[in-house]
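Working notes for the structure below.
The values are calculated or read from the model by the stated rules, or taken from the named source; none is laboratory data. Bear in mind the structure is a predicted one, so any value in this text is a computation, not a measurement. In this analysis, Cβ positions are derived from the backbone assuming ideal geometry, glycine residues included, and neighbour counts consider all displayed protein chains.
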Amino acid sequence: MPTSRLEGHILTPRGFVRGELAVREGRIEAVLGEPRTEYAVRSEGLPIVLPGFIDLHVHGGGGADTMEGGAAVERIAQLHVQHGTTSLLATTMTAPHAELVSAISAMGAVCRQRGSGAARVLGVHLEGPYINPGKLGAQPDFVRSGSLAELQQLHALAPIRLITLAPELPGNLALIEPLIAAGFRVQLGHSLASYEDGVAALDRGATGFTHLFNAMSGLHHRTPGLVGAALAHARYAEIIPDLLHVHPGAIRAALRAIPCLYCVTDSTAAAGMPDGQYKLGSLTVTKCLGGVRLEDGTLAGSTLTMDQALRNLVGLGLEIEEASRRTATHAADFLGLHDRGRLERGAWADLVVLDSALQLQRVFVEGEEIELAHAG
């Protein structure tokens, strides 16, 4: 297979270089160039080459919902790659056991074989059913305490890479250590946990927080809640930077407190679609006024895409390099993926090419250039 080459300002783990990136057989063969400052990157007008975006919380897109199974997940991966997401986790909704089995079994083939023109589906993020019925957010009320046997059954159908649970539910705190020992990653969310509950869960091996600030006990100076545990102790946490789920001031506070805070979209079937009604698991949600809501007005996921997440972070004052870490590298590191989320020799050639306005121009997944419907 011949070597292909890209030129421009290329973000390496050591900063930007002005030079050339070579790709061979789906992986990066070499990155060569001279160091460049952020000012030069913004002002010289060359293409900007960043790691492809990694989204660990995706419910849908392009009119399709993950709970519909394999063909829907393929459509979702095709929609999000059009916005620079090169790998993602298909995220489930809280549902009865039989529905989870049906949805996840249909995801297995999509996880094993990436479709042409689609993002890589790395596996499943099981968001519920092990959550608190008092903090459902937009989740249906099919909650129950965690079960290692159930998780192992689901994992045999498709790789469960990440589990969201509420540590205060009976049995859940004690379950964290066996889950970690079995190879699962656990994060905390949809929870009324106290600060002490959150710290205890971290001590037992939980490592993240699901859509920080949303659907969790908030910060008060005498009752710090799960948000307080995250701000005081977390290395990793998700956040939805659509500027609707979380106030910019709260995003800035989290950026200062959590070293590896990373972005997710929590996107629904409404992403990339016109206003109207869409499915979110067993629920019906409405897209209007830039958001997705239940009938009572509760936010129900988002329409955010990762290219817009990057632009929003830069709009908040982050340099492009830091915004890229928070839309790619930190998520890869959280999952233990050291050959994604970075542009260096041997890594998968997952990358995005942007213009000086940070509008998407080209996308590559494992060396395959994706045909974009509307560049920029």
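Numbers below:
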{"read-out": "Count of residues meeting criterion [surrounded by fewer than 24 Cβ atoms within 10 Å (Cβ to Cβ), assigned to a helix (DSSP H, G or I) and in contact (Cβ under 8 Å) with a residue 40 or more places away in the chain] in region 75-98", "value": "2"}
{"read-out": "Tabulated pairs, region 255-273, first within 17 Å of Arg311 (Cα to Cα), second crowded, with 23+ Cβ neighbours inside 10 Å and acidic (Asp, Glu), C-beta under 7 angstrom, 6+ apart or interchain", "value": "Tyr262/Glu238; Val264/Asp55; Val264/Glu238; Thr265/Asp55"}
{"read-out": "Pick from region 266-294, criterion within 19 Å of the chain's Cα centre (by Cα) and buried (at least 24 other Cβ atoms within 10 Å of the Cβ), ranking: farthest from Arg75 (Cα to Cα)", "value": "Val292"}
{"read-out": "Scope region 182-202; condition crowded, with 24+ Cβ neighbours inside 10 Å and among the hydrophobic types (A, V, I, L, M, F, W, C); matching residues", "value": "Val186, Leu188, Ala193, Ala201"}
{"read-out": "Single unsatisfied condition, Arg144 versus (1) without any contact (Cβ under 8 Å) to a residue 12 or more places away in the chain; (2) over 21 Å from the mean Cα position of the chain (by Cα); (3) part of a loop (DSSP other than H, G, I, E, B)", "value": "(1)"}
{"read-out": "Qualifying position, being modelled with pLDDT under 95, in a loop (DSSP other than H, G, I, E, B) and either surrounded by fewer than 18 Cβ atoms within 10 Å (Cβ to Cβ) or not hydrophobic (A, V, I, L, M, F, W, C) (or both), among Gly346, Gly341, Gly317, Gly297", "value": "Gly297"}
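Here is a yes/no grid of residues against (1) in contact (Cβ under 8 Å) with a residue 60 or more places away in the chain; (2) outside any helix (DSSP H, G or I); (3) under 17 Å from Leu136 (Cα atoms):
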position: Gln152; (1), (2), (3): no, no, no
position: Arg161; (1), (2), (3): yes, yes, no
position: Thr164; (1), (2), (3): no, yes, yes
position: Arg222; (1), (2), (3): no, yes, no
position: Gly228; (1), (2), (3): no, no, no
